[in-house]
Amino acid sequence: MAATRPIRLFRNISAKIAAIPMILTAMVVFVGGTAWTVTYSFTSSKLLPKAKFVGLDQYERLWNTPRWLVSLENLLIYGICMMVLSLVLGFVLAALLDQKIRFENTFRTILLYPFALSFIVTGLVWQWLLNPDFGIQSVIHRMGWTSFNFDPLYNADIVIFGVLIAGLWQGTGLVMCLMLAGLRGIDQDIWKAARVDGIPSWKTYIFIVIPMMRPVFITTLVIIASGIVRLYDLIVAQTGGGPGIASDVPAKYVYDYMFQGQNLGQGFAASTMMLLAVLVVVIPWAYLEFGGKKHV
Amino acid sequence: MSDTALLSSAPPVSGDAMTGPRGPKPRRRFSRRNIFIYGTLIVVALYYLLPLYVMIVTSLKGMPEIRLGNIFAPPVEITFEPWVKAWAEACTGLNCDGLSRGFWNSVRITVPSVLASIAIASVNGYALANWRFKGADAFFTILIFGAFIPYQVMLYPIVILLREMGLYGSLTGLIMVHSIFGMPILTLLFRNYFTSLPEELFKAARVDGAGFWQIYFQIMLPMSLPIFVVAMILQVTGIWNDFLFGVVYTKPDLYPMTVQLNNIVNSVQGVKEYNVNMAATLLTGLVPLVIYFVSGKLFVRGIAAGAVKG
């Protein structure tokens with residue numbers, strides 16, 4: 001047995017060499033990097049990482065920092081609104097586009113183009129549109145409705161909804177596209193059968209088509225959710241986390257503590273919490289998708 | 001489409017939709033249903049186009065006109081000065097050579113990153129599809145799950161790795177980071193594509209004595225141009241639009257365009273020149289927008305590829 005080993009190792013050697021970057025990325029960066037960050041989140045690292053373990057101190061401090069709680073609350077509000085609204089809007093738009101309409105390609109192109117733009121560009125455009133002195137508010141003031149008040153970017157209570165408008169503008173096209181692909185994947189005979197039975201089309205959508213599209217919905221949800229957790233660029237460009245810390249999000253909290261606050265331990269603890277949140281979403285999904293059957 | 005309301009309840013225009021008894025029951029063109037569908041879509045489309053329109057209009061106005069006028073109004077006097085200023089004169093910190101610096105940095109980052117990540121991922125996907133070896137699938141699964149880990153978790157370990165290699169703050173370092181984070185999705189894309197090719201092709205080549213690289217270069221590569229284009233679109237837009245890696249892994253004079261744009265627009269000192277800001281924003285968005293409008297269906301395919309499950 002021992003004598004055959006070297007031969008087995010060298011069999012298929014080119015493929016193994018070709019896979020080295022993947023193996024290194026998977027093991028060193030993804031597994032190794034994650035393990036490193038999690039480990040060092042239990043240390044008192046400040047400017048440089050130090051292996052001085054302090055137990056759960058960083059987490060205790062994290063959960064006692066108002067800024068973290070604000071950023072978590074923001075992410076929660078943004079996340080729930082984004083998920084619900086982009087799914088509903090994306091599905092409705094896809095259903096409208098699926099009615100064998102003319103100019104389908106034109107509409108689809110228009111609805112999807114913001115997705116090609118970066119969050120920085122998105123954030124800056126909406127910062128300009130929502131500018132209270134020159135933007136939408138001022139236009140409406142000039143039309144005579146002077147009591148109209150719409151300056152979400154300068155109002156700490158609703159600033160996250162200002163970001164949400166921009167996020168929806170950028171991301172709904174993607175959901176629409178995924179949903180449209182899902183709708184096209186549904187057997188046309190189902191529609192015929194429903195029509196023969198005299199079921200109105202909205203009922204067909206809700207009780208037949210949507211349940212059939214469950215896998216598409218789940219995949220879309222996972223994509224939206226993993227985008228939400230990463231929410232960073234948009235905030236930096238549109239509000240800079242302001243006014244004050246009112247639109248802070250976890251990703252920005254991590255960045256600021258790691259690279260500006262010189263408080264690495266806090267950054268590691270916060271990013272570990274982000275990882276935990278993602279695992280809570282991804283593990284049940286992976287279980288649903290791949291659990292039981294072996295995936296190819 | 002604006003006159004549809006007038007005809008809402010009118011019978012179909014005679015001889016217009018009637019092409020004979022074939023096909024489904026002919027629909028009335030201006031039924032209430034159609035008005036609802038087209039009306040909604042047009043309103044939504046206008047909402048989606050509005051920011052692009054405002055960007056263009058604002059970037060062509062002079063500052064006095066912006067201060068006095070309405071952001072939706074078309075420019076009274078078209079000026080290209082904001083564009084020139086955004087490209088060549090806008091300041092970030094002490095540098096006043098405009099966005100052009102960021103543009104060229106982004107080009108120098110994007111081109112090698114796209115080539116490297118596609119080269120690595122395509123060979124990798126090919127190995128996974130046709131030359132499976134023990135353990136390959138385990139690594140692949142880890143790679144795919146790695147795509148879900150928030151970047152923030154891996155930011156600092158990569159700083160350490162790059163510092164150890166002496167690449168921290170250099171373009172090479174950033175190019176490596178882009179290749180690493182492009183790997184999960186691209187490998188998945190290529191693996192699925194190569195798996196879908198007929199296996200007989202591969203077997204025939206094997207029987208004829210072709211090896212790993214020979215099959216890759218002479219058979220697989222020529223057959224998979226479309227998927228390479230899809231991967232390219234995906235990567236060019238993704239890397240061009242990146243902000244986080246650019247700001248973390250490079251130095252100020254190597255900042256990519258997105259980072260520089262943000263610094264120009266959100267700088268606190270000086271008078272805000274909204275027209276220059278919008279011109280700069282448009283300039284940064286131009287590359288992905290052109291790619292998007294030119295590539296059309298392939299772009300959608302790239303997105304759909306991002307959505308396929310592993």
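Things worth noting here:
- When we screen B:179, B:267 for residues that are of a type in the set (Gly, Ala, Ser) and closer than 30 Å to residue B:62 by Cα, the only hit is B:267.
- Just one of the numbered conditions (1) closer than 24 Å to residue B:51 by Cα; (2) surrounded by fewer than 16 Cβ atoms within 10 Å (Cβ to Cβ) is not true of residue B:63: (2).
- Residue within segment B:121-138 that is within 26 Å of residue B:240 (Cβ to Cβ) and surrounded by fewer than 21 Cβ atoms within 10 Å (Cβ to Cβ) present: no
- Just one residue in the set B:210, B:231, B:205 is outside the structural domain of residue B:62 (by TED's automatic domain parsing), surrounded by 17 or more Cβ atoms within 10 Å (Cβ to Cβ), among the aliphatic types (A, V, I, L, M) and more than 30 Å from residue A:285 (Cα to Cα); that residue is B:205.
- A single entry from B:58, B:19, B:4 fulfils the requirement of being modelled with pLDDT of 85 or more and either surrounded by 12 or more Cβ atoms within 10 Å (Cβ to Cβ) or over 30 Å from residue A:90 (Cβ atoms) (or both): B:58.
- Condition check for residue A:216: in contact (Cβ under 8 Å) with a residue 40 or more places away in the chain and either more than 13 Å from every other protein chain (Cβ to nearest Cβ) or in a helix (DSSP H, G or I) (or both): no
- Yes/no for residue A:229 being surrounded by 22 or more Cβ atoms within 10 Å (Cβ to Cβ), within 11 Å of chain B (Cβ to nearest Cβ) and under 30 Å from residue A:135 (Cα atoms): yes
- Of all the listed residues (A:109, A:122), the sole one being among the hydroxyl-bearing types (Ser, Thr, Tyr), over 30 Å from residue A:191 (Cβ atoms) and part of a helix (DSSP H, G or I) is A:122.
- Unmet criterion (only one of (1) small (Gly, Ala, Ser); (2) farther than 18 Å from residue B:153 by Cβ; (3) in contact with a helix residue (DSSP H, G or I) (Cβ under 8 Å, 6 or more places away or on another chain); (4) at the interface with chain B (Cβ under 8 Å from one of its Cβ atoms)) for residue A:240: (3)
- Residue within segment B:278-294 that is more than 8 Å from chain A (Cβ to nearest Cβ) and modelled with pLDDT under 90 present: yes
- Elements of type helices (runs of 4 or more DSSP H) in segment B:194-310, at least 3 residues being within 25 Å of residue A:222 (Cα to Cα), under 15 Å from the mean Cα position of the chain (by Cα) and of a type outside the set (Ser, Thr, Tyr): B:225-240, B:297-307
- Within segment A:169-183, the presence of at least one residue that is among the aromatic types (Phe, Trp, Tyr), in a helix (DSSP H, G or I) and facing chain B (nearest Cβ under 9 Å) is confirmed.
- Pairs, first within 13 Å of chain A (Cβ to nearest Cβ) in segment B:163-188, second among the basic types (Lys, Arg), C-beta under 8 Å, six or more apart: B:169/B:251
- Per the conditions (1) in contact (Cβ under 8 Å) with a residue 40 or more places away in the chain; (2) closer than 23 Å to residue B:72 by Cβ, the sole criterion not satisfied by residue A:152 is (1).
- Being touching an Asp or Glu at 6+ places or on another chain (Cβ under 9 Å), among the acidic types (Asp, Glu) and either surrounded by fewer than 23 Cβ atoms within 10 Å (Cβ to Cβ) or more than 7 Å from every other protein chain (Cβ to nearest Cβ) (or both) is a property that holds for residue B:242.
- Only residues that are within 20 Å of residue A:276 (Cβ to Cβ) and more than 7 Å from every other protein chain (Cβ to nearest Cβ) were counted across segment B:113-144, and they come to 1.
- Residue B:264 meets all of the listed conditions (1) of a type outside the set (D, E, K, R); (2) buried (at least 18 other Cβ atoms within 10 Å of the Cβ); (3) modelled with pLDDT of 90 or more but one, namely (3).
- The listed residue being more than 10 Å from every other protein chain (Cβ to nearest Cβ), among the hydrophobic types (A, V, I, L, M, F, W, C) and part of a helix (DSSP H, G or I), out of A:235, A:223: A:235
- The set of residues in segment A:142-163 that are at the interface with chain B (Cβ under 10 Å from one of its Cβ atoms) and part of a helix (DSSP H, G or I) contains only A:142.
- Number of positions in segment A:125-141 that are buried (at least 17 other Cβ atoms within 10 Å of the Cβ), free of Cβ contacts under 8 Å to residues at least 12 places away in the same chain and not in a helix (DSSP H, G or I): 2
The values are calculated or read from the model by the stated rules, or taken from the named source; none is laboratory data. Bear in mind that the values here come from a model prediction, so they are computed numbers and not experimental data. So basically every Cβ, Gly included, is an ideal-geometry build from the backbone, and we count neighbours across all protein chains shown.
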